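Report on the following structure.
The values are calculated or read from the model by the stated rules, or taken from the named source; none is laboratory data. Fair warning: this is a prediction, and the values are worked out from it, not measured in the lab. Cβ: placed from backbone, ideal geometry, glycine included. Neighbour counts: every protein chain shown.
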Amino acid sequence: MKETQQNDPFCVQIKSKFNNLRVQVKNDVLFKYFSDTTHIVPVIAASLTPENLKKFHDLIVGGNLRISKTYAKTKSRIYFPQLRKTITDYIRSCNTCQRVNYSNTKPAGLMSSPLVEAP
């Protein structure tokens, strides 16, 4: 992971702006921390993003979860540039999700209007 972070432009950019962002470097590996400093996850190089998305969404462990659940699961374990947008685009292009997509709304019924007897 150390080598991929050193060669990744996004990771290099974050390291250069180290003081302004919520990042830490431990053992030459870049980590991102969120609002509470106890939640720290590694920053993944852009070259490893497709592989990680596949792990968190496509594989049996991922279970083809929807956008919000895949985002929550991914964010709790790793960080990469444009996390939410990348996950949203990936799931919207997922062939399995598009075939098995279900509608959670009631079917449209017949419209009826109340009878008016007097003006």
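Observations on the structure shown:
- Residue within the stretch 29-37 that is of a type in the set (Val, Ile, Thr), surrounded by 10 or more Cβ atoms within 10 Å (Cβ to Cβ) and at pLDDT 85 or above present: no
- Residue check, Thr96 over 28 Å from Met1 (Cβ atoms) and at pLDDT 80 or above: yes
- Within the stretch 35-63, being over 17 Å from Pro9 (Cβ atoms), in contact (Cβ under 8 Å) with a residue 24 or more places away in the chain, touching a helix residue (DSSP H, G or I) at 6+ places or on another chain (Cβ under 8 Å) and not in a helix (DSSP H, G or I) holds for one residue alone: Val41.
- Of all residue pairs spaced 6 or more apart or on separate chains, those with beta-carbon atoms under 8 Å, a first member in the stretch 73-96 that is without any contact (Cβ under 8 Å) to a residue 24 or more places away in the chain and a second member that is crowded, with 17+ Cβ neighbours inside 10 Å and of a type in the set (Val, Ile, Thr) are Thr74/Ile87; Leu83/Thr74.
- Scanning the stretch 1-28 for residues that are surrounded by 12 or more Cβ atoms within 10 Å (Cβ to Cβ), modelled with pLDDT of 80 or more and in a loop (DSSP other than H, G, I, E, B) returns a single hit, Asp8.
- So Thr88, is it of a type in the set (S, T, N, Q) and modelled with pLDDT of 85 or more: yes
- One residue stands out among those in the stretch 64-82 that are among the aliphatic types (A, V, I, L, M) and assigned to a helix (DSSP H, G or I): the one that is farthest from Asp8 (Cα to Cα), which is Ile67.
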